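The values are calculated or read from the model by the stated rules, or taken from the named source; none is laboratory data. Source: prediction; values computed, not measured. Note: ideal-geometry Cβ built from the backbone for every residue, glycine included; neighbour counts use all protein chains shown. SASA here: full protein model, heavy atoms, side chains in, ligands and nucleic acids out. Shrake-Rupley method; radii C 1.70, N 1.55, O 1.52, S 1.80 Å.
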Amino acid sequence: MASAFFFAPTKAISSSSSMLRCALFNPAGESRRRDSVKAGVATESPPSVINDLVAPPLVPSEPVVTGRGAGKLAAWRSIRKERWQGEMAVEGDIPLWLDGTYLRNGPGLWNIGDYDFRHLFDGYATLVRVRFGQGRAVAAHRQIESEAYKAAKKNRRLCYREFSEVPKPDSFLSYVGELASLFSGASLTDNSNTGVVVLGDGRVVCLTETIKGSIQIDPDTLETLGRFEYEDKLGGLIHSAHPIVTESEFLTLLPDLLRPGYLVVRMEAGSNERKVLGRVNCRGSVPAPGWVHSFAATDHYVVVPDMPLRYCVQNLLRAEPTPLYKFEWHPDSGSYVHIMSKATGNIVASVEVPPFVTFHFINAYEEVDSEGRITGIIADCCEHNANADILELLRLQNLRSSAGLDVLPDARVGRFRIPLDGSPKGELDAALDPEEHGRGMDMCSINPAYLGKKYRYAYACGANRPCNFPNTLTKIDLVEKKAKNWHEEGAVPSEPFFVARPGATEEDDGVAISIVSDKNGEGYALVLDGSSFEELARAKFPYGLPYGLHGCWVPNK
C-alpha cells in the first residue's frame, strides 16, 4: 500500500513540470551504486530454523521513540526498539507441517526525535520475521537500513522525500540544489516500506514505489544486504509497488509521465535485467497515468488498470500535501482497463469501465467457452467505491484520534469483466454483497497456486463497524458469495497471508497468518485454519508492533 513520493516547494518553478516529467522516466535518472546486489551473489544461510530457539537474541538498541499515539494500541505508534529477537509464547497448537518463515514489511517508525510524520505511508520500514517449526515460533524485527533511514538516524532530521514529507531547505540556494536533486532522483526516498517478495531464484527483496527502494535482505538475519540494482537501460524512477512474481518471472509496470502511459516489463528469475514486454498508452482527457500501486495477470495476459486517480505534476511540486497528495481525481476523464498479451506485447482489449479506486488487485483469470476459446478476463480487486477519501483517512492523526467512530469509507470486492470480442466497454460490479465483510475490504492474499487462474477463495481485512480502519480478518468465498470473519474487540490485524499445506489438493487447505496489535498494547502472530477460519494458535510478541502492510512466505528446505 505505501507509496513513497514527494513534494517540493513551488517558488520559482513555473517551468519545472516538464523537467519533472522527464526525470520520472529518464534512463539517466538513477546512478549506479557500489552497494548494489546482483544476480548470482550468494549468501550463507544459517542452520535450520529451529536452531534459532537456542541462539542468543539480537542485542536490542536503545528505544528510538517516546511512545506517541492514543491509548495503548501499538498499531499507530513507532516501534519501541530498532531490533529484537526471541522465542514466542504460544497459545493453542501450531500445525506441525507449518515449517518456514513468514516475513512482513511495513512502515514502523513515524518520528525523528521530536518531529512526527503525518501519514501512515511515511514511516521507515520495519521488517518482522516469525519462524515456525515443530509447533514452535521464533520472532524478530529489524529496521531496513535504507539510505533514507540511515541518514535520518545520523542527522536527526528528514533527508529524503517520503510520501507526504520533504526535507526543509535552509536557504534559497539549498532549495535550488534540492530541486535539482528531485529531477535527478537523488532526493527520492529508498525507504522500502511496502512489500517483500521472494524471487524465483530465492533472493528476498523489499519494495516500494521508487525503483531505488528495491532492497535485498537476508530472510534469516533480517540484515540489509544492499540495493537490488536493475541492470538495464530502462531508467525511470517509479514502478508498481506490487510486482507479480512466480518461480520463472517478475512482472511490473513503469508509469510514464513524459508520454502518458505504462511500460509492462519482465525480468527472468536469476536476472537483474528488465525487458519491455509492451507499452500501454493512457486514455481519457487528462494527460497523466493513473496510480498503479498494483495490477493483475492471468496465464496469458497482463491486466493494466488506468484509474482516474491520476498523477499530478503540480501536486508533486507543492511544499505541503494536498488532500490527494501527489494525485488528482478525474472521474470525468474516464476509467479504463487494458489487456496485454504476454506472448506478443500487443493490446488485445482496451475498454472503458465505471470509475474505480483500488490499491490492491486480488487475482485475475481467463473465461473460456465450451470449445476452450478465451472470451474474456475476470479481474478482482479491493475497490473503494470510487472514493479516494481513503488516502486522507490514513493520516496518523486521523487513525489515532478517530477510534470508535464509524469513519471507514465503504469498500467491496470489485469484479471487472473485460470482453475480448472488441466491445468498447467492460463491467465492474461487487463480487458479493459487501455487508458480508462489513463493507470493508483491503490487504488481500490467495493460495499462490491459483495465481492467474480461476479461484474461489481470498483472504483479506474487512470491517466490524463502527471502525476507523479495517479491523477483521475475512475469508471470501467467491462461489457461495459468503464470508467468514474473525474479529477481536479493539484489535487491528494486518494482512492475512495464506500458506498452503504441503501436498494439499483443496484450495483452502492451509493457514492464514496475521500479525495483530491488540487494544492492551500487546501483539501476537495469529494462525487461522484456512478452511474453517477458526483460530488455531497465537504466538505472543513481548510488546505490540506497529501496523504492517504486506508479507511473504519462505519455506524451509
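Quick notes on this structure:
- Checking each residue in the range 308-361 for being open to solvent by 10 Å² or more (accessible area, probe 1.4 Å), at pLDDT 95 or above, under 27 Å from residue 549 (Cα atoms) and of a type in the set (D, E, K, R) picks out only 328.
- Once the range 542-557 is narrowed to residues that are modelled with pLDDT of 95 or more and open to solvent by 20 Å² or more (accessible area, probe 1.4 Å), the residue that is nearest to residue 119 (Cα to Cα) is 553.
- Some residue of the range 81-102 being modelled with pLDDT of 95 or more and within 26 Å of residue 469 (Cα to Cα): yes
- Filter result (over 17 Å from the mean Cα position of the chain (by Cα) and among the hydroxyl-bearing types (Ser, Thr, Tyr)) within the range 438-461: 450, 455, 457
- Restricting the range 176-192 to residues that are open to solvent by less than 10 Å² (accessible area, probe 1.4 Å) and not small (Gly, Ala, Ser), the residue that is modelled with the lowest pLDDT is 182.
- Any strands (runs of 3 or more DSSP E) falling wholly within the range 363-461 and containing at least 2 residues that are at pLDDT 95 or above and of a type in the set (Val, Ile, Thr): 374-383, 412-419
- Search result, residues across the range 500-527 that are open to solvent by 10 Å² or more (accessible area, probe 1.4 Å) and touching a Leu at 6+ places or on another chain (Cβ under 9 Å): 501, 518, 519, 520, 521
- Of all residues making up the range 507-521, the number that are polar (S, T, N, Q) and modelled with pLDDT under 95: 1
- Qualifying residue in the range 478-501 (condition: within 24 Å of residue 302 (Cβ to Cβ), in contact (Cβ under 8 Å) with a residue 40 or more places away in the chain and polar (S, T, N, Q)): no
- Contact map, the range 350-379: residues that are free of Cβ contacts under 8 Å to residues at least 60 places away in the same chain and farther than 17 Å from residue 423 by Cα paired with residues that are aliphatic (A, V, I, L, M) and open to solvent by 50 Å² or more (accessible area, probe 1.4 Å), Cβ distance under 8 Å, separation 6+ or inter-chain. No pairs are found.
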